[in-house]
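Before any comments, here is the structure.
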Amino acid sequence: MKKANGHEIIQLFESFSPKQYAMDGDPIGLQVGKLNQPVTKVLVALDVLEEVVDEAIENNVQLIIAHHPPIFRPLKKITTDTPSGRLIEKLIKHDIAVYAAHTNLDVATGGVNDLLASALQLENVDILVPTFEQKLKKLAVYVPIESENDVRSALGKVGAGAIGQYSHCSFTSEGTGRFLPGENTNPFIGEVGKLEATKEVKIETIFPDYLEKKVLSAMIKAHPYEEVAYDIYPLENKGPSLGLGRIGVLPESMTLEQFAQHVKTTLDVKTVRVVGNLNDIIKKVAVLGGDGNKYYQHAKFKGADVYVTGDVYYHTAHDMMNAGLNVVDPGHNVEKVMKNGVAQMLTKMCEEKGFEVSFIASDIHTDPFTFL
């Protein structure tokens, strides 16, 4: 097993939840501490409260990955006799870094909203509110025939060639490569000072633009030549759409009252608020973690029988009711589903990389509300 530092852990995290997915102005990324230090334990948390920091200290954690940024608004000062100042002081004294992934984790495939849709047992899931369209690029690289499979495999492993539900997609054409090795070269094929002509293939594949550095690194590492000949083209093709919320269907229809109980069970909450007729039949479900007040019209437009979201405002509930949209509000804290989801995903990714890192889902209950 290999040691990892914070940068390597966050690079893995951002491979599925890159910063560019976040909404404008969202204060994501490293908020406290540094990443250029060894990391053997990571705590995954919904919120970073003082109790969560104490949990991290007790477990000898070096990095906290949180969904809600602890510094959401700019701080004018840090005084250690205030709750926020005391929290930051503890983090710095114990050399614990905090990295926040907020709306980028909401949008990401496998992120908060996918985890909520999965917990609710939704099928045929689609995006509720498109917010991001992935830009695509094409790579064309010239490779000696005997190295074709190595380069193609390396590109596929880092995500190049993904088209819909297909992976490792590429095209190959054969031709002749010509080059004249210079005086200070060490050519893989040919001799210094002698014009060489050799059979090569051109491998063409596509990739999302945020993977460019990773794709090029994998290609160069797998390629036998000292100087790799390749081209990169921006594409007009539309990449996959990503966004907030999900919409899907239940395996079997149920009444709104039965569905409310289903939400309580699957999302592990004791109470929910419900808007609508409890006898209405529910089949198509929209879900958006956190505060989804301003997106209810998307749920209505896409034909949802019910909208599951948190923090529903009184007057917005009237608007939803008047629009004929049933609503189940389980609260904001149901986003806690990300703790185990992210911990499991990163555990698998680190095992594949051979990193000696353990991930802990925070046990601290951070919902500020108690219903009596």
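The values are calculated or read from the model by the stated rules, or taken from the named source; none is laboratory data. This structure is a prediction, so every number in the text was calculated from the model and none was measured. Cβ sites come from the backbone with ideal geometry, for glycine too, and all protein chains shown count toward neighbours. Note: areas computed on protein heavy atoms with side chains; ligands, DNA, RNA excluded. Shrake-Rupley method; radii C 1.70, N 1.55, O 1.52, S 1.80 Å.
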Pairs where the first residue, in the range 244-260, is free of Cβ contacts under 8 Å to residues at least 60 places away in the same chain and assigned to a strand (DSSP E or B) and the second is open to solvent by 10 Å² or more (accessible area, probe 1.4 Å) and of a type in the set (A, V, I, L, M, F, W, C), C-beta under 9 Å, 6+ apart = 253/281; 254/281; 255/278; 255/281
In the range 2-45, residues that are assigned to a loop (DSSP other than H, G, I, E, B), out of contact with any helix residue (DSSP H, G or I) (no Cβ under 9 Å at 6 or more places or on another chain) and either among the small types (Gly, Ala, Ser) or more than 20 Å from residue 85 (Cα to Cα) (or both) total 4
Counting residues that are on the phi < 0 side of the Ramachandran plot, aliphatic (A, V, I, L, M) and touching a helix residue (DSSP H, G or I) at 6+ places or on another chain (Cβ under 6 Å), which strands (runs of 3 or more DSSP E) fully inside the range 263-371 reach at least 3?
-> 281-291
Of the conditions (1) over 30 Å from the mean Cα position of the chain (by Cα); (2) under 30 Å from residue 242 (Cβ atoms), residue 192 fails just one. Which one is it?
-> (2)
Please state which one of 2, 34 is at pLDDT 95 or above, more than 11 Å from the chain's Cα centre (by Cα), of a type in the set (Lys, Arg) and open to solvent by 60 Å² or more (accessible area, probe 1.4 Å).
-> 34
Just one listed residue, out of 239, 245, is surrounded by 13 or more Cβ atoms within 10 Å (Cβ to Cβ) and modelled with pLDDT of 95 or more, and it is 245
All positions within the range 310-343 that are loosely packed, with under 14 Cβ neighbours inside 10 Å and closer than 23 Å to residue 102 by Cα | 311, 313
How many of the residues in the range 159-172 are among the aliphatic types (A, V, I, L, M) and either more than 10 Å from residue 205 (Cα to Cα) or open to solvent by 70 Å² or more (accessible area, probe 1.4 Å) (or both)?
-> 1
Residue 193 passes all but one of the listed conditions (1) open to solvent by 70 Å² or more (accessible area, probe 1.4 Å); (2) in a loop (DSSP other than H, G, I, E, B); the exception is number (1)
Condition broken by residue 48, with the remaining ones in (1) in contact (Cβ under 8 Å) with a residue 60 or more places away in the chain; (2) within 21 Å of residue 337 (Cβ to Cβ) satisfied = (1)
